[in-house]
1. Using a simple spin-label model with points 7 Å from Cα along the Cα→Cβ vector, what separation in nm is obtained for S131 and V217?
2. Kindly rank 28-35, 177-184, 77-84 from highest to lowest mean number of other beta carbons found within 10 Å of each residue.
3. Can you give the extra length, in nm with one decimal, that the chain gains between A111 and R184 once fully stretched, where that is 0.36 nm per residue apart less the Cα-Cα distance?
4. Quote to one decimal, in nm, the extra length available between L97 and A166 on full extension: 0.36 nm per residue of separation minus the C-alpha distance between them.
5. Quick one: go through the range 124-159 and flag any residue whose amide nitrogen is under 20 Å from the point 7 Å out along the Cα-to-Cβ line of T84.
6. Find the relative contact order for the range 99-172 and round it to a whole percent, using C-alpha pairs within less than 8 Å whose residues are 6+ positions apart.
Amino acid sequence: MTDAAAALSDASRTSGGRPDGPAPPGSNSAALWADTLQSLANVVAHDLRNALNAVAVNLEVVRSRSARGTETSAIAPFAATAATNFETAAGAAEALLAFVRPEPGRVDIAAVVTRLARLLAVRAGPGLRVSDQSDGRAATTALPDIARAAVARSVLAAVGEDEGAACEIAVDDGIFLRITGATRVPPPDPDLVAAALEQGIRITPRERSIEIRFPAVDQRANPNAPS
């Protein structure tokens, strides 16, 4: 999976994911995004492999027992388990590949969070619970690489090794994210905070959460925004 992660990073460097050309001087958005892709790949590598192995094992049971004439009712649970693991693995792989593709326009923060939830669903432990109150207005004016890196790194920090996290999305005077972990959330990378600030993204660490505000394309107020 390391080679695959490296390939993902290379794709990110070449694609850039920026609709407005090269990043401004002093910005290290490509490097931050490449590191983020590496982290995402590393987080799910073990669990994705386990899910695919479960598919292979259960399909082998179905094949061998079918060849022996075993009753369908006795085989069905193995087929169902294989299907469930395949759906989980396929969803995670699709979500990971979606991160590699360059964003053709403005990044939708709610869509990024949804992809992360699908990606983390492959893990054995709790994943990411999402509460989206953005009403389809979560597009940001920030550079795609930086916006996606800010969300992904904050979620990974909150989720930790074996814990879940919750993410609230709303729109008030910008796009608001609150990512809450089960325990103390480590502070964000200073380089990420600085690069995000250049794009108008404000990352505020709390003891058990990280709050992020993005500049929004649609700045209309949302009365359901968290306070």
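Bear in mind these aren't lab numbers, they're just calculated from the coordinates by the rules spelled out. Keep in mind that what you see is a predicted model, and the values were worked out from it rather than measured. Here Cβ is always computed from backbone atoms with ideal geometry, including for glycine, and neighbour counts include all displayed protein chains.
1. Each label point is offset 7 Å from its Cα along the Cβ direction, giving 2.7 nm.
2. On the way: 28-35: 21.1, 177-184: 18.5, 77-84: 14.9.
With the highest mean Cβ count within 10 Å placed first, the list reads 28-35, 177-184, 77-84.
3. Numbers: separation 73, 0.36 × 73 = 26.28 nm, distance 2.58 nm.
Separation in residues times 0.36 nm, less the Cα-Cα distance, equals 23.7 nm.
4. Numbers: separation 69, 0.36 × 69 = 24.84 nm, distance 2.30 nm.
Fully extending the segment from L97 to A166 adds 22.5 nm.
5. Flagged as within label range: 124-129.
6. About 42 percent, as a whole number.
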